[in-house]
Amino acid sequence: MKAILTDITKCIGCLECVSACKSVNSLEMDVPRIWQKNDGLSADNWTSIIQKPGPHYIRKQCRHCLEPACASACPVGALSRTEEGAVVYDSGKCLGCRYCMMACPYGIPRYDWDKAIPYIRKCILCHPRILQGKQPACTEVCPVQATIFGNRDELLAEAHRRINENPNKYINKVFGETEIGGVSVLYISDIDLGFLAYKQELGSLPLPKTTSAAMKSVPFAFVGMGAFMYGLNWVIKRREKLGDKDKPNEDNKHE
């Protein structure tokens, strides 16, 4: 399984990864919206750099969960995890329901408001490039190797090696190793990165295990609501017809 490891202490905030992502994925210039989250991500920005005091530069992108909540929440299977570790998206299946946006603990999927038929957009870990034996564009262009690509187990070993050899430099934690079942985009850092998620402590239990009961009811909710609306429409139409029969004939009123 492939993964990315980003070392926050090495990042210089050059934005080369952001530019490479837009170029490889043919993403257009972003048009900011007042309702967008202030993290630099959008339908046309799949990776961004968040600056924190220090200075610290933190790259934000899809974390590619080992058990993705977005895929679990999708009622039609438009999002799925591949053998390589990337969580990819099939626009041909998407309903535009945006359940994935609500399910993601990192707030990653974004709605493409500029399209006549809007879809969800997000980082796909350059999956087509991985299938060709290449690495993601963002890791390939990093001039200081702050973000590197490889096998997840090997990157975890490298992360722990750096932490053990420099205990005063890093927080003793590989961010993403175990949270919500683990992810394929890992970090080591000298500052806490809890702000990348909707809450500081996500726990180690995969989110699909906590949401499966609710998501199993989604198809029944669709059917149930459809049946309810059909029944309501039938009742209203029937009342209208009965009401028309009970009305006195206009011609008889003038006789």
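Taken together, the values in this text are just the output of simple stated rules run on the coordinates, not laboratory data. Treat the numbers as computed from the prediction; the structure is a model and nothing was measured. Here the Cβ positions follow ideal geometry from the backbone for every residue, glycine too, while neighbour counts run over all protein chains shown.
Some points to look at:
- Of Lys22/Lys115; Lys2/Lys115; Lys52/Lys173; Lys93/Lys115; Lys52/Lys93; Lys2/Lys60, those spanning more than 28 Å from alpha-carbon to alpha-carbon: Lys2/Lys115; Lys52/Lys93
- Reference-scaled alpha-carbon Rg (2.2 N^0.38 Å with N residues) for the stretch 2-210: 0.97
- Net charge dipole size for the stretch 38-84 [Lys, Arg +1 and Asp, Glu -1 on Cβ; Debye, nearest 20]: 240 debye
- Applying both filters, DSSP loop and at most 16 other Cβ atoms within 10 Å, to the trypsin sites (Lys or Arg not before Pro) of the stretch 28-115 gives Arg33, Lys37, Lys93, Arg98, Lys115.
- Computed lengthening from Ala157 to Asn25, 0.36 nm per intervening residue step minus Cα-Cα distance: 44.5 nm
- Förster radius 41 Å - calculated FRET efficiency between Ala116 and Glu140 (Cβ-Cβ, nearest 0.05): 0.75
- Computed extension gain for Lys93 through Asn168, at 0.36 nm per residue and net of the alpha carbon distance, reaches 22.2 nm.
- Distance from the stretch 1-27 to the stretch 159-195 (C-alpha centre basis), Å: 18 Å
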